[in-house]
Each structure stands twice: as structure tokens, then as C-alpha cells.
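Take a look at the structure set out below.
Read the figures in this text as sums done on the coordinates, not as results from a lab. All of these numbers come straight from a predicted model, not from anything done at the bench. Here Cβ is always computed from backbone atoms with ideal geometry, including for glycine, and neighbour counts include all displayed protein chains.
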Amino acid sequence: MSRSFLSLSSLTREEFNALIDRAIAGKKNPSAWGRPLEGKSIALFFEKPSTRTRLSFEVAVYQLGGQPLVLTGQDLQISRGEDIADTARVMRRYLHGIMGRVRSHETLEALASYSGIPVINGLSDKFHPCQALADYMTLRENSVPAGSRFVFCGDGSSNMAHSLILGSAHYGCEIVIATPAELLPAADVLTIAARLGGKVSITQDAKAAAKDADVLYTDVWVSMGEEAQAYEKKKLLAPYQLNESLLAQAKKSVIVLHCLPAHKDEEITESVFESPNAKIFDQAENRLHAQKAVLEFLLK
Ligand code: CP
Ligand code: NVA
């Protein structure tokens, strides 16, 4: 069975850092990539909407010389009840890799185990490792050193919080999760982070968390598929808005990140989103470069 990329915990620290170095080098000199996917076909499978993941993967596969095949659940016989196991066993006969954005993380695990070809997590309910890799690439580009203070304000139980926690262990920064007691990170993620040598703390006090931050990060309060909990989550997360008063607590050199899409004046104020500290669109661009590094690593 080929190697997949479903979570940052499947990488060693050395591999994580090498992917970031490769992405930064490829961003500076795109011709250095060559065409490692020449003759290869990669499915880009979406059970949920996407702007960045869809665009960056389709462009990345094309620029690396491969054929991207965008498929939504509606296009496939999955919509009429064909199961993932059979779909995956068919996919392996035609394809060289699969990127999947899925409702349940277990769908990715099944795709990987039944297809045997590399599967890349383009977001599940549990993790969003491609986004986190691009985020830590953005830290490296902004010379944020190991040992720095990375503060995530928002839903600590979300896919983004989980992947940022695991990435912090590889990057070597301290991560502070400012989140309500009702939305703590999953215990198994904290256990893996500890095993990887991560330094994670959790607090309900966003202002104290933001003090001397080198990085301030937030994500939507209501993730895709959680629309039924929108009212409750917005109420719980209101004290965790990334606003001017939190920004004032952080270091002058703080970088502000958001994986996008943003709901302005919910999880982040318009003024913080537009502030000179925000590196949000570099972060979005870096999806393309970081994913090229992942595709090359798994499929070359
Ligand atoms: N950040 C991110 O994954 O964006 P999309 O949902 O638009 O792909
Ligand atoms: N937590 C968000 C991330 C979007 C990129 C969601 O799952 O909708």
C-alpha cells in the first residue's frame, strides 16, 4: 500500500520541514519542479464546497504535468449508493492518486485502504493538513522562529485547530488554543501532539492568550456541515473574536492568519483582516506551493 497524507502526524519532523523547504524553493523558482506527475491522473474528490483547495490542487497537478479529474459526490455513483470500498477499488485501476475533501475522516481512511494508492486529505471533519502545511510555510517565510508563541482563537475542536496543534510539534513552536470549555481539542490529537514533542496549552482567556503572540490565527466559527449548531457555536465563540483589542496584546511583529473563507466581523474584524500584520492571501497562495511539495513527495 502506498503512503498517504491524511494527517501531519504521518510525517516525521524532518519530512515536514523538508516539504516546507521544497515548497519555498519551488515558489521562488517554479521551473525547479519539473513535471513529476507526467502521465499521472489524480482524482480531486469533493463532498463539500471549496474555492482554495479546488483551485490550488487543480492548478498544482496541471503545473506538475499531471491530469486532475475533479469529481463531486453528485457526479459519482456514490450518490446512488455505491460504497466507498468499491469506488476506491475502481479508482486504483485508473488513477495514481486521490485528493479527497470529505465529511467523515473515515471516508479517507477507507479510500486509502481500499485503493492502495496515495490519498491526500483536502479537509475532513478531523484534520486539514494541507492547509496547516501552507500555514507553517507562511511562518517560515515570515521568519517566525521555532520557540515562538502561536495563538489559535476559536473552535478548539475543529479540523484546523487539530492540524495546527500537530504542525506546531513539528515546527517547534508553542501553541496556545483559546477556546471555550465546550470546544476542547480531541483527546487523541493532544496525545499524538505530546508524543511528537508538542507544547500545547489550552485556555478560556483569549486576551491572556494573545499576550506577546508571534502568530494570531482564527477560522470560521461554524465549519462546513455544522450549520445546525450555528446559533450555539456563535454564542460560545463570541468572546474569541480576533479584534483590535486582541491584536494590541500581541507582539508588534505578529502575523495574523486565517485559512479562509472568512466571516468578517464574526471570528475576525474587518480591520484586523485588512491590517498590515495579516498575511492571509500569502497563506492562501502557499496552498499551491505546499501541495506541489506533497504531490511530488507521494507520487514522484
Ligand atoms: N482554506 C480552504 O481549504 O479553503 P476552501 O474551503 O475554499 O478550499
Ligand atoms: N473549519 C473550516 C475550515 C474551512 C477551510 C471548515 O471545516 O469548514
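Brief remarks follow.
- Relative to its residue count, segment 234-275 spans a Cα convex hull of 73 Å³ per residue.
- Overall Cα dimensions of segment 148-243, principal axis frame, Å, largest first: 36, 28, 19
- Distance between the modelled labels on Glu227 and Glu182, one decimal in nanometres: 2.1 nm (7 Å Cα→Cβ projection).
- For the peptides 283-291, 73-81, the ranking by mean Cβ contacts within 10 Å, running from highest to lowest, is 283-291, 73-81.
- Among Gly66, Ile78, Asn17 - extreme Cα towards positive end, dipole of segment 1-81, charges at beta-carbon: Asn17
- Magnitude of the charge dipole for the chain, about its Cα centre and with charges confined to Cβ atoms of Lys, Arg (+1) and Asp, Glu (-1), is about 840 debye.
- Subtracting the Cα-Cα distance of Thr203 and Arg35 from 0.36 nm times their residue separation leaves 55.9 nm of extension gain.
- Between 0 and 90 degrees, the angle of helix 159-171 with respect to the longest Cα principal axis of the chain falls at about 80 degrees.
- Helix 105-115 vs. the chain, principal-axis angle (Cα, 0 to 90°, nearest 10): 20
- Net charge of neighbours whose Cβ lies under 12 Å from the Cβ of Tyr217, counting Lys and Arg as +1 and Asp and Glu as -1: -3
- With the convex hull of the Cα atoms taken as the outline of segment 1-131, the averaged projected area works out to 7.8 nm².
- Length released on extending from Gln77 to Thr191, taking residue separation times 0.36 nm less the Cα-Cα span: 37.3 nm
- The angle between the Cα long axis of helix 129-141 and the longest principal axis of the Cα atoms of the chain comes to about 60 degrees, rounded to the nearest 10.
- The chain: C-alpha pair distances exceeding 26 Å, %: 42
- Across all directions, the average flat footprint of the convex hull enclosing the Cα atoms of segment 165-300 is 9.3 nm².
- With 5 Å bins from 0: P(r) over segment 86-177, alpha-carbon pairs, percent: 3, 14, 20, 19, 14, 12, 10, 6, 3, 0
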